[in-house]
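One structure below.
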Amino acid sequence: MLGFKIKRGVEASVERIFKSTGSEFDKLTFNWSGKTAAVSFSKRSGAVTARVIFPNIDDNKQIPDSVHHDLVGYAVHELGHIWFTDNDPWDAARHTHGAFVGSLINGLEDPRIERFVIESGHVPNARVLFNHVVNSVLLKSGYVEPDDFKNIPFMLAIEGRRLNGYNIPFPSVLPDSPWREDLEWALAQ
């Protein structure tokens, strides 16, 4: 399918899925120029304003079905943040302690909100979508070195998803991490 059709379909899915939960966007914009997916949002008096960022895809290029599946998984994941993430403490921690702490929070928050999305039933095939995206990322980029400090947020995100029951074909690197005890404690929390 051509990129522009994929974009329109994913955007429509975001709106349709969100509306199916009894929620509506006050304002929703999309940005297709990211390296990965992300969302910035605010909730005030029940009104949700959101900007969803997706990886860049060429409007006129044929996009494989696997990329389309990834984009739908990313969309549902970002909706999970809107439904289940409280931005205020996260923003305060990032402001006070810096970007790395924000990345640590994200590494823990991503599997947490995905578990809530699955349990909520908002998206019946959420587990399949999330499992596909995680494995797509790992197959493309590989897993990380367990002793590189900058990889801790990614290890938290992957191992948290493993705890959620995802079928991840890569062995855990957590046993080889010098921060194993602390990371296992954080994941258990």
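Which count do you get for residues in region 121-137 that are touching a residue at least 40 places away in the same chain (Cβ under 8 Å) and open to solvent by 50 Å² or more (accessible area, probe 1.4 Å)? Residues in region 121-137 being touching a residue at least 40 places away in the same chain (Cβ under 8 Å) and open to solvent by 50 Å² or more (accessible area, probe 1.4 Å): 2 in total.
Being closer than 28 Å to Phe18 by Cβ and hydrophobic (A, V, I, L, M, F, W, C) holds for only one residue in Val128, Val101, and it is Val128.
Would it be correct to say that Asn106 is within 12 Å of the chain's Cα centre (by Cα) and of a type in the set (S, T, N, Q)?
yes
When region 160-179 is filtered for residues that are assigned to a helix (DSSP H, G or I), over 14 Å from Val144 (Cα atoms) and open to solvent by 80 Å² or more (accessible area, probe 1.4 Å), only Leu163 remains.
Of everything in region 127-156, what is charged (D, E, K, R) and under 18 Å from Val76 (Cβ atoms)? Give them in sequence order. Once the filter is applied, which keeps residues that are charged (D, E, K, R) and under 18 Å from Val76 (Cβ atoms), region 127-156 yields only Arg127.
Scan (1) in a helix (DSSP H, G or I); (2) open to solvent by 30 Å² or more (accessible area, probe 1.4 Å) for the single condition Glu145 breaks and write down its number. All conditions are met except number (1).
Being open to solvent by 20 Å² or more (accessible area, probe 1.4 Å) and of a type in the set (A, V, I, L, M): is that true of Ile118 here? Yes, satisfied.
Val10 meets the conditions (1) over 19 Å from the mean Cα position of the chain (by Cα); (2) within 18 Å of His122 (Cα to Cα) in every case but one. The failed one is (1).
The values are calculated or read from the model by the stated rules, or taken from the named source; none is laboratory data. Nothing here was measured: the structure is a model prediction, and the numbers come from that model. Using ideal geometry, Cβ is built from the backbone for each residue, glycine included, and neighbour counts are taken over all protein chains shown. Ligands, DNA and RNA are stripped out before the accessible areas are found, and what is left, the full protein with its side chains, is counted by its heavy atoms. Shrake-Rupley method; radii C 1.70, N 1.55, O 1.52, S 1.80 Å.
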